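Student: Have a look at the structure that comes next, please.
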Amino acid sequence: MWASPADRDRSIEVIKASFAEGRLTGEELDQRLGQALVSRYFEELMALTADLPAGPFGRLPAHRMTPPVPRKNRLAVVALAVGWLLVLIGVGVALLVRLFLVRLFGPEEAGMAGPRTVSPCWWPTVEAGRGPAAGGRR
């Protein structure tokens, strides 16, 4: 995993604190700081501070960049599923009612236009004399 600037900063803080406590010599401080600045992977930073008391799992605060995984609200998930189920049931009932009406009364009486009268709503009705070709209003 790539190391973020915050990871490098935390590692550098641990190294400097360990030097201030007398746990590292000046040479070790220089060497570890140089390695921390050029490390590209998080594992490399962990290796630099693993032998120090405030190492990767010591007194350092939690990683600021990684938020905790949110828990799923079970009630919200159930409510969403029930809502979609009701929508599907409603669509199915509407289709069944339409099918029943068409079989009982026929397509014209059930509100369904036959193939001879279908026209898009934006199509100018020239036959009735209202289109632009007839000089009338739309």
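The values are calculated or read from the model by the stated rules, or taken from the named source; none is laboratory data. What you see is a predicted model; the values in this text were computed from it and never measured. When we count neighbours, we look across all protein chains shown, and the Cβ atoms used for this are built from the backbone with ideal geometry, even at glycine.
Student: Take the residues in region 18-54 that are touching a Leu at 6+ places or on another chain (Cβ under 8 Å) and assigned to a helix (DSSP H, G or I), then tell me which one is surrounded by the fewest Cβ atoms within 10 Å (Cβ to Cβ).
Tutor: Filtering first and then ranking leaves Q35.
Every residue, every condition in (1) modelled with pLDDT of 90 or more; (2) more than 25 Å from the chain's Cα centre (by Cα), yes or no:
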{"residue": "D9", "(1), (2)": "no, yes"}
{"residue": "E21", "(1), (2)": "no, yes"}
{"residue": "D30", "(1), (2)": "yes, yes"}
{"residue": "P70", "(1), (2)": "no, no"}
{"residue": "L85", "(1), (2)": "yes, no"}
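Student: Which residues, counting only those in region 6-24, are within 13 Å of L48 (Cβ to Cβ), aliphatic (A, V, I, L, M) and in contact (Cβ under 8 Å) with a residue 40 or more places away in the chain?
Tutor: V14
Student: Can you tell me how many residues in region 25-38 are touching a residue at least 12 places away in the same chain (Cβ under 8 Å) and closer than 13 Å to D51 by Cα?
Tutor: So the count comes out to 1.
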